[in-house]
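Only the coordinates and a few stated rules stand behind these numbers; no lab work does. Everything quoted here is computed from the prediction, not taken from an experiment. Ideal geometry is used to build each Cβ from the backbone, glycine not excepted, and the neighbour counts take in all protein chains shown.
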Amino acid sequence: MISKSERSQIKVILQSPHWQTVQRFAELYCEKIRSDPVLRDTQWETVKMAVLNEGQIMGIKKFIQELYVQSQND
């Protein structure tokens, strides 16, 4: 998957004070996605948009979670 050196770099990033800004932005972006209107012309399109938005949020959260997991693996 990724090298030990890359894991170390991820760990350094996660421990950086700048990481808090990235994490805060991710949270705000998820809130923005959640607040975007999902109502569309048809029921199907409305459901589709709601599911797509939720998928984006889950993807962002899973990505951040995986960064933490990778930083713990040595």
- [ ] Give, rounded to the nearest 20 debye, the magnitude of the charge dipole that segment 24-74 has about its Cα centre when Lys and Arg contribute +1 at Cβ and Asp and Glu contribute -1 at Cβ.
- [x] 60 debye
TODO: Give me the number: length gained by fully extending residue 50 to residue 21, i.e. 0.36 nm times residue separation minus the C-alpha to C-alpha distance, one decimal in nm.
DONE: 7.7 nm
- [ ] Calculate the length of the line joining the C-alpha centroid of segment 3-20 to that of segment 32-74, in whole Å.
- [x] 24 Å
Open item on the list: Once you place label points 7 Å from the Cα toward the Cβ at residue 6 and residue 29, how far apart are they in nm?
Closed with: 1.9 nm
Task: Read-out Rg and Dmax of the Cα atoms in Å, derived from the coordinates shown; its label in (1) 16.3, 50; (2) 11.5, 32; (3) 11.7, 37 - done: (1)
Open item on the list: Suppose only helical runs count, i.e. DSSP H with n ≥ 4. What mean residue ellipticity at 222 nm does that imply for the chain under -39500 (n - 2.57) per run, divided by all residues and rounded to the nearest 500 deg cm²/dmol?
Closed with: -28500 deg cm²/dmol
